[in-house]
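Nothing in this text is a laboratory measurement; each read-out follows from the coordinates by a stated rule. All values reported here derive from a predicted model rather than from experimental measurement. Glycine also receives a Cβ, built like all others from the backbone with ideal geometry; neighbour counts cover every protein chain displayed.
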Amino acid sequence: MEENVVKHAFEVTRAERNQSFGHQSLVLWFTGLSGSGKSTIANALEVFLVAKGYHAYILDGDNVRKGLNSNLSFSPEDRTENIRRIGEVANLMFDAGLIVLSAFVSPYKKDRAKIAEIVGEENFIEVFVNTPIEECERRDVKGLYAKARQGEILNFTGISAPYEAPVNALIEIDTTQQTIENCVEIIFSAIENKLKLNNE
Ligand code: ADP
């Protein structure tokens with residue numbers, strides 16, 4: 001199939017879309033254990049960005065695992081496929097001119113590296129939400145740690161499946177040390193310049 005797929009040269013470029021939106025597009029990739037705070041911070045950041053007139057969109061488990069990726073399990077192969085598809089969607093949204101806030105455990109280094117490659121290293125910001133597992137388990141937002149401990153959920157990251165922590169994440173946050181508002185400030189100050197149009 002693939003050899004017969006020929007790319008069409010569409011005329012509107014990402015640069016033009018960025019001009020029309022008034023800011024560069026970017027992919028912010030939140031990674032961390034379940035309950036570390038990825039969705040909470042992504043949500044607070046989106047509220048902040050939209051209030052300032054930026055165009056942002058969150059990709060997270062709720063809108064992806066239940067739809068596009070509803071046929072995928074949590075086996076190692078399916079986790080990789082899950083992240084690959086999300087990366088491709090993030091890349092399309094990036095091309096559409098958006099600030100993409102992607103919030104998934106994404107436990108494997110090679111999968112995250114692949115997204116950076118697809119989107120371009122300079123457009124990919126890894127945000128490591130490095131909350132200690134003891135705190136994530138104490139929060140147990142969705143009751144999943146308790147189920148994993150009882151063996152009701154298999155392949156649960158941090159308990160019965162590995163989490164490969166980023167070594168050089170551009171942004172690293174421990175939510176036991178920062179309020180949600182601080183997390184938003186830390187991230188926005190790290191990306192503010194990158195959002196400026198080249199002619200600003
Ligand atoms: P994840 O998306 O990583 O699975 P969630 O955002 O769903 O995690 O859950 C994180 C939980 O931690 C939420 O209940 C949130 O209110 C709480 N929390 C407490 N302090 C913080 C903080 N500083 N940043 C983010 N979340 C926090």
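Could you put Val12, Val27, Val6 in order, starting from the residue whose Cβ has the fewest other Cβ atoms within 10 Å?
Numbers: Val12 9, Val27 24, Val6 6.
Going from sparsest to densest Cβ surroundings: Val6, Val12, Val27.
List the residues, sorted by chain then number, that are 5 or more residues from Ile58 or on another chain and whose placed amide H is less than 5 Å from its amide H.
Leu101
Quick one: order Ser75, Ser106 by neighbouring beta-carbon count within 10 Å, fewest to most.
Values: Ser75 13, Ser106 26.
By the 10 Å Cβ count, ascending, the order reads Ser75, Ser106.
Rounded to the nearest 0.05, what FRET efficiency do Ala190 and Glu16 give with R0 = 30 Å and r taken as the Cβ-Cβ distance? Could you check? Could the numbers behind the result be given before it?
Details: r = 26 Å, r/R0 = 0.87.
The computed FRET efficiency comes out at 0.70.
Go ahead and set up a Gaussian network model of the chain, Cα springs under 10 Å, then flag whichever of Asp62, Asp78, Asp111 fluctuates most.
Asp62
Excluding Lys147 itself, calculate the net charge of residues whose Cβ lies under 14 Å from the Cβ of Lys147, where each Lys or Arg counts +1 and each Asp or Glu counts -1.
Numbers: positive: Lys142, Arg149; negative: Glu137, Asp140, Glu152.
Here the charged neighbours net out to -1.
Based on the alpha-carbon gyration tensor of the chain and its eigenvalue square roots a ≥ b ≥ c, which shape applies: rounded if a/c is under 1.5, prolate if not and a/b is larger than b/c, or oblate? Intermediate values should be presented prior to the final figure.
Numbers: a/c = 2.20, a/b = 1.32, b/c = 1.67.
Verdict is oblate for the chain.
For the residue pair Glu135 and Arg84, what label-to-label distance in nm results when each label sits 7 Å from Cα along the Cα-to-beta-carbon direction?
Here the answer is 3.5 nm between the modelled labels.
If you bin every alpha carbon distance in the stretch 47-99 into 5 Å steps from zero, what whole percent lands in each bin?
5, 18, 24, 20, 15, 10, 6, 2
Under the 0.36 nm per residue contour assumption, what length would be gained going from the current alpha-carbon distance of Asp95 and His8 to full extension? Write out the running numbers ahead of the final one.
Details: separation 87, 0.36 × 87 = 31.32 nm, distance 1.51 nm.
Difference between extended and current length: 29.8 nm.
Answer rounded, prolate or oblate for the stretch 1-97, using the Cα gyration tensor with square roots of eigenvalues a ≥ b ≥ c: rounded when a/c is under 1.5, else prolate when a/b is larger than b/c, else oblate.
On the way: a/c = 2.83, a/b = 1.06, b/c = 2.66.
Because a/c hits 1.5 or more and a/b fails to exceed b/c, the stretch 1-97 counts as oblate.
How do Asp60, Asp95 rank when sorted from fewest to most other Cβ atoms within 10 Å of their own Cβ? All intermediate terms of the calculation are to be shown ahead of the outcome.
On the way: Asp60 17, Asp95 13.
Ascending Cβ contact count within 10 Å gives the list Asp95, Asp60.
Write down, largest first, the equivalent ellipsoid semi-axes of the stretch 111-164 in whole Å, where each equals the square root of 5 times an eigenvalue of the alpha-carbon gyration tensor.
Ellipsoid semi-axes (Å, largest first): 29, 13, 8.
Check which residues have an amide H placed less than 5 Å from Asp174's amide H, if you skip close sequence neighbours.
When sequence neighbours closer than 5 places are left aside, the close amide H contacts are Asn130.
Given the stretch 146-200, report the % of alpha carbon pairs whose separation exceeds 13 Å. All intermediate terms of the calculation are to be shown ahead of the outcome.
Values: 1076 of 1485 pairs.
Roughly 72 percent, rounded to a whole number.
Per the helix-only calculation at 222 nm, which mean residue ellipticity applies to the chain, given -39500 (n - 2.57) for every DSSP H run of n ≥ 4 and division by its residues, nearest 500 deg cm²/dmol? Display every interim value, and only then the final one.
Numbers: 8 runs with 86 residues, N = 200.
It lands at -13000 deg cm²/dmol.
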